[in-house]
Amino acid sequence: MEMNSTIGNESNRGNELEMKLKNELEMKPIMEECLMNDKLLVEKAYVEISSYRLKTLKSIGTNVKIPKQIAKDCGIKQNHISKTLKELKTHGLIECINEEVRKGRLYRLTPFGLSVLEEVQ
């Protein structure tokens, strides 16, 4: 009689583990979406606390621009724009598409940068 009880308990544990795993798998996309939303909010705040970052993102928008154009659009000195571009690049909001050149580097927003820009506008 004890043997049947042991088999029954193992079966119940197996069902419980299966249900737990199923629930975790169902929750994974939701958790990933929450983490992405959290990251978006953090980066939105990062951009909003600096007028230079905000102006730079807005200046680039959906275009590809060189720092000189961005500085002119924003009314900010070019050396400040260069520092701001480095900060935004470090945060994954922009990318340089021709890193190998010294002058005339082209910058654009990453897909994540576009998402942040949509949030701040």
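We did not get these values from a lab; they are worked out from the coordinates using the rules stated. Keep in mind it's a predicted model, so treat the numbers as computed, not measured. Backbone-built Cβ (ideal geometry, glycine too); neighbour counts: all protein chains shown.
Working note: Karplus 6.51/-1.76/1.60 with θ = phi - 60° gives the stretch 87-104 the couplings 4, 5, 5, 4, 8, x, 8, 9, 9, 9, 9, 9, 4, 6, 8, 8, 10, x Hz, where Gly and Pro are set to x.
Hey, what did the stretch 71-119 get for relative contact order, percent, Cα under 8 Å, at least 6 apart?
27
Were the residues from GLU16 through GLU119 laid out at 0.36 nm apart, the gain over their Cα-Cα distance would be 32.9 nm. Summarising the amide proton neighbourhood of LEU106: residues at separation of 5 or more, or on other chains, whose placed amide H is nearer than 5 Å comprise ILE97, ASN98.
In this simple spin-label approximation, GLU99 and LYS72 carry label points 7 Å from Cα along the Cα→Cβ vector, and these lie 2.8 nm apart.
In this label model, SER51 and ASN37 are separated by 3.3 nm, measuring between points 7 Å along each Cα→Cβ vector. From most to least packed by mean Cβ count within 10 Å, the peptides 38-45, 110-117 give 110-117, 38-45.
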